[in-house]
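This report concerns only the one structure given below.
The values are calculated or read from the model by the stated rules, or taken from the named source; none is laboratory data. Quick caveat: nothing in here was measured; it's all calculated off a predicted structure. Neighbour counts are summed over all protein chains in view; Cβ atoms, including those assigned to glycine, are modelled from backbone coordinates with ideal geometry. These area figures cover heavy atoms from the full protein model, side chains too; ligands, DNA and RNA do not enter into them. Shrake-Rupley method; radii C 1.70, N 1.55, O 1.52, S 1.80 Å.
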Amino acid sequence: LGGGPVMLGQGDCNFDCFFEALAPLNYRGPLIMQAWRDDQGVDVFRKQLDFIRPYLQSHLNGRTP
């Protein structure tokens, strides 16, 4: 908050809180996240996907990570 871009999981977003709030809605549609990027190419996106994947899998299975 108030700073520059950071990797997913290193900023101020409370992903636990977000997915807990989403769960009662039984939402199963697309989720679009504006993720940080740099000159590393695909590798930086892969790292961020590795971070968010457990949240997505847990949400789809109806539990928190």
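Observations on the model:
- For the chain, the Rg and Dmax computed from alpha carbons only, in angstrom: 12.8, 38
- Listed residues Met7, Met33 arranged by accessible area, highest first, probe 1.4 Å: Met33, Met7
- Protein-only accessible surface order, largest first, of Tyr55, Tyr27 at 1.4 Å: Tyr27, Tyr55
- Heavy-atom accessible surface of the chain: percent carbon and sulfur, 1.4 Å: 54 percent
- Per-residue 3J(HN,Hα) values for segment 42-49, derived from phi via the Karplus relation 6.51 cos²θ - 1.76 cosθ + 1.60 with θ = phi - 60°, read 5, 4, 5, 5, 5, 4, 6, 5 Hz in sequence order (x marks Gly and Pro).
- Highest-fluctuation residue, Gly29, Gly11, Gly41 considered, GNM on the chain with Cα pairs under 10 Å: Gly29
- Heavy-atom accessible surface of Asp43, to the nearest 10 Å², is about 70 Å², with a 1.4 Å probe and all protein chains retained.
- Tyr27 versus Val42: modelled label distance in nm, points set 7 Å from Cα along the beta carbon direction: 2.9 nm
- Probe 1.4 Å, protein heavy atoms only - accessible area per residue of the chain in square angstrom: 78 Å²
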